[in-house]
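Data first, discussion second: the structure below is written as structure tokens.
What follows draws every value from the coordinates through simple rules; no lab data is involved. Please read all numbers here as calculations on a predicted model, not as lab measurements. We place every Cβ from the backbone using ideal geometry, glycine too, and count neighbours over all the protein chains shown.
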Amino acid sequence: MISEEHLYAIALRECSLIGDINFSKLVRAFGSAKLAWEKAARELGAADGIGRKAVADIGNTDYLRFAEKEIAFCENNNITIKLRHLRDLPPLLNECDDAPAVLYQKGEFDHALKTVSIVGTRNITSYGKSFISTFFEETQSCRYCSVSGLALGADKEVHEQSLNFAIPTIAVLAHGFHTLYPSKNRKLSERILDHGGALITEFNSSRKPDRENFIQRNRIIAGLSPATVVVETAFGGGSVSTATFANQYNRDVFALPGKITDPYSQGCNQLIFQHKASAISTVKDLIDQLGLNRPEERMEELFPYSALTVQLTEIQELIYGCIKEHQPISLDDMAASTELPAYRILPVILELELLGKIKTLSGRQFTAI
């Protein structure tokens, strides 16, 4: 139900210098968006860290008129308005310091379901498509919800494969509900809603799909889930920003490694090398690490296990033996134990991780598999 508090929350958030963090400070100080709207300009000292310039717009009736129109738009288009300070947001998203003060939503999804965010490049290759298809096929008996950004390429593949295997999916938009970008995905968005999923956005109906909105949108994709999976991305691709947000929120990040010559694997390889993501060796291993319920059927591995023993190089044997003997072990302790500098150890760690011999834990700790 849309209340008076929704009206003042939308108006307050529309003020030019009131972002999500300042909004939260004001609501904590005054108790509600309505009271913040009425008192903030006069009682400036009540909210720590909020200056006179920041509250200059508060009380402008133009914003109230805008909020009235926005509420009418939402009512006419079956859009639910979620307010963070009323604890309407999904619990994991609400934990993030910069979570949106106002969230607009079409459709519904079960907040009790585990969520998995899966992102990647718009220029997805057959390698990335095969991974996504295999992942959803092997998790079709698990109870969870996928999250992605409704862009072309990897996002589109995530939503479509979710629907193909009857797994609900959430699409996070980078614009208001007055439009749908890219327009090619309009029918897909309708299918998402028809099959128990949702479309969500922090942007009101005046906001177009401007370039900067997509980075802002990515923090919501990361914030909705305990783990983010990066399928394919180039150096500096948008998915790298999603992984960065997930790291900042202390969430797990997994990346699909690839050839160093493949441009859309280079971003994933870099995330792994910089210890910002764990390497995916098999779909089975990923499913276990995500904590999804195991399907009854036997799962085939993305990179099937070979009965042949992998022959390690001398330095790989040294590092692997050190990790196995002292696991878990930090990079510094490894350097002290092997008497090798860290810059020589790091490339070997990546090689061992890609070979499925070790894995990276939080806090730059390493353990043998």
Discussion item. Tell me the relative contact order for the chain as a rounded percent, counting alpha carbon contacts under 8 Å between residues six or more apart.
Written reply: 12 percent
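Under a Cβ-Cβ cut-off of 14 Å, what is the net charge of the residues other than S183 that fall near it, where Lys and Arg count +1 and Asp and Glu count -1?
Working: positive: K156, K184, R186, K187, K208; negative: E190.
It works out to a net charge of +4.
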Worksheet entry | Of K53/K106; K114/K359; K187/K208, those spanning more than 27 Å from alpha-carbon to alpha-carbon | K53/K106
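So for segment 4-78, what percent of the C-alpha to C-alpha distances run longer than 17 Å? Each step should come with its number before you reach the end.
Numbers: 1018 of 2775 pairs.
So the portion of pairs separated by more than 17 Å is 37 percent.
Residues with beta-carbon under 13 Å from that of G31, excluding G31: net charge, scoring Lys, Arg +1 and Asp, Glu -1? All intermediate terms of the calculation are to be shown ahead of the outcome.
Numbers: positive: K25, R28, K34, K39; negative: E5, E38, E43.
Overall, the nearby charge balance is +1.
From the Cα gyration tensor of segment 314-368, with a ≥ b ≥ c the square roots of its eigenvalues, which class applies: rounded if a/c is under 1.5, or else prolate if a/b is larger than b/c, or else oblate?
Details: a/c = 1.31, a/b = 1.08, b/c = 1.22.
Judged from the Cα gyration tensor, segment 314-368 comes out rounded (a/c under 1.5).
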Fill in: Shape call, the chain: gyration tensor on alpha carbons, a/c limit 1.5
prolate
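I need the shape label for segment 145-252. Rule: rounded when a/c is under 1.5, else prolate if a/b > b/c, else oblate, with a, b, c from the alpha carbon gyration tensor. Mind showing how you got there, number by number?
Details: a/c = 1.58, a/b = 1.15, b/c = 1.38.
Here segment 145-252 falls in the oblate category.
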Discussion item. For D20, D210, which order do you get if you count the other beta carbons within 10 Å of each Cβ and list the fewest first?
Written reply: D210, D20
Practice prompt. Could you please state, rounded to a whole Å, how far the C-alpha centre of segment 1-43 is from the C-alpha centre of segment 129-159?
Written response: 37 Å
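Using the per-residue mean of other Cβ atoms lying within 10 Å as a proxy for protection, in what order, highest first, do the peptides 322-332, 165-175 fall?
Values: 322-332: 16.1, 165-175: 23.0.
Going from most to least packed, we get 165-175, 322-332.
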Item to complete: For segment 45-119 and segment 217-263, write down the distance between their C-alpha centroids in whole Å.
Response: 24 Å
Response to the item:
Net charge near A279 (other residues with Cβ under 12 Å of its Cβ; Lys, Arg +1; Asp, Glu -1) is 0
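Counting other C-beta atoms within 10 Å, and keeping those with at most 14, which DSSP coil GluC sites (Glu not before Pro) do you find in segment 26-131? Mind dumping the intermediate values first?
Working: sites: E38, E43, E68, E70, E75, E95, E108; in loops: E43, E95, E108.
Sparse-neighbourhood loop GluC sites (Glu not before Pro): E43, E95, E108.
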Worksheet item: Build a GNM of the chain with springs between Cα atoms under 10 Å: which of R217, R251, R28 gets the top mean-square fluctuation?
Response: R28
Discussion item. Over the chain, with a Gaussian network built from C-alpha contacts below 10 Å, which listed residue (T80, T201, T61) shows the highest mean-square fluctuation?
Written reply: T61
Discussion item. Restricting to Cα pairs below 8 Å that are 6+ residues apart, what does the relative contact order work out to for segment 323-369? Please round to a whole percent.
Written reply: 47 percent
